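The values are calculated or read from the model by the stated rules, or taken from the named source; none is laboratory data. What you see is a predicted model, and the numbers here were worked out from it, not measured in a lab. Quick reminder, even Gly has a Cβ in these numbers, built from the backbone with ideal geometry, and neighbours come from all protein chains shown. With ligands, DNA and RNA removed, areas are computed over all heavy atoms of the protein, side chains included. Shrake-Rupley method; radii C 1.70, N 1.55, O 1.52, S 1.80 Å.
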Amino acid sequence: KHKVTLEFSDAAGSAAARRVVLERPKVRMPKADQVVLRHAPIVVGRTMPSLGDAYQNARTDTPLIAWHEKRPAATEGHTILEYSVVWSNEDGGTNTPALMARWGRTTDIEWIYRVEVDGNGDRVEGTGEYHGPNHVTTKFTGQYEGDHPLLQTCTNNNNMCHVLTPSPLRFFLDASRDRPTDRTREVVMDREPWTYRVMAHEMLREGRLESAPDPSTPEVGDLRTYLFVELVKRTGDATGIGARPGVSLGVRLKDDPSTLYRSDHLEPSWSIERDGAAATTIELPQGTTVDDI
């Protein structure tokens, strides 16, 4: 038996939130892909004193959605399950203009946990690992609730720890979604368009946007003026010392063909270096539509 309680928290809520309206709430036990849900991680809220109180993840760098990916393990009949999360932003790490140019968003997307399961869906002991500080893949030796590992957001760029500090917040997101292998990770946001609105509001609230949007400057403007693009890039490895060949996209408008609006704002380090599916954005003048391009 399960008891589900819904409660409005003044301590955790946004200053602008006065009430929550629940429309047609219902509780159900999922039947599809129980193994994926059975091993999904529980994320404990971040408690870094430098970034706010114990409810900081209710207002900044909030976990929004999760998904999983599967791949065969070395042992026949076994499967590797990998879980990823989209956060509303990252207070540390890549700066905002570079995020828009290199990743096509200001959210933070990270894999957080992976584990090998056998043909019965049982966890293979000792195979759990997580995305630790400094992006180091780390063996998981922490606590489980059933088969759910307990992980805590413990850095300002949303890396995880398995040693927990007390927090009033836990995020147990539905990880039953998957991602096509030939698409960008951002496709999980495209399926949930509300995530872009949350992303934009956080940038606005934290003062990270230009007060007067200007596509000629590298600073990030009104996110509603950007062209969001998904592409597939194949340039191969670097032929000499240095980074892999980078790609940026340029857009010209029909009524102003002499101006080239670039995704990287002529900053080479903001180009897309990774091969395969990738996402980027190009800031355009306010009022531009797709037909103007």
Residue span Gln143 to Arg170: 0.36 nm per residue of separation minus Cα-Cα distance leaves a gain in nm of 8.3 nm
Contour minus Cα-Cα span, Gln286 to Lys26, at 0.36 nm per residue, comes to 89.4 nm
Site Arg183, offset 7 angstrom along Cα→Cβ, radius 14 Å on amide nitrogen, limited to the range 275-293, gives 277-279
Between Glu230 and Thr5, Cβ-based FRET efficiency (R0 51 Å, step 0.05) works out to 0.80
Per the rule of 0.36 nm per residue minus the C-alpha distance, extending Glu273 to Asp256 adds in nm 3.2 nm
To the nearest Å², the heavy-atom accessible area per residue of the range 1-112 with 1.4 Å probe amounts to 57
Residues meeting the amide H criterion for Gly132 (H placed from the backbone, H to H distance under 5 Å, 5 or more places apart or on another chain) are Thr137, Thr138, Met160
Between the Cα axis of helix 194-205 and the main Cα principal axis of the chain, the angle (0 to 90°, nearest 10) is 70
A student applying the Cα gyration tensor rule (rounded when a/c is under 1.5; otherwise prolate if a/b is larger than b/c, oblate if not) would label the range 124-165 oblate
Ranked output for segments 207-214, 218-225, 231-238 by mean other Cβ atoms within 10 Å, highest leading, reads 218-225, 207-214, 231-238
Heads up, the range 1-126 by the C-alpha gyration tensor (a ≥ b ≥ c square roots of eigenvalues; a/c under 1.5 rounded, else a/b over b/c prolate, else oblate) looks oblate
Carbon/sulfur accessible area of the range 137-293, % of total, 1.4 Å probe, equals 52
Checking Ala11, Ala101, Ala73 against a Gaussian network model of the chain (alpha-carbon springs below 10 Å), the top fluctuating residue turns out to be Ala11
Pseudo-spin-label distance Met48 to Thr75, built 7 Å along Cα→Cβ, given in nm, is 3.7
For the range 81-232, the Cα gyration tensor yields equivalent-ellipsoid semi-axes (√(5λ), largest first, whole Å) of 32, 18, 13
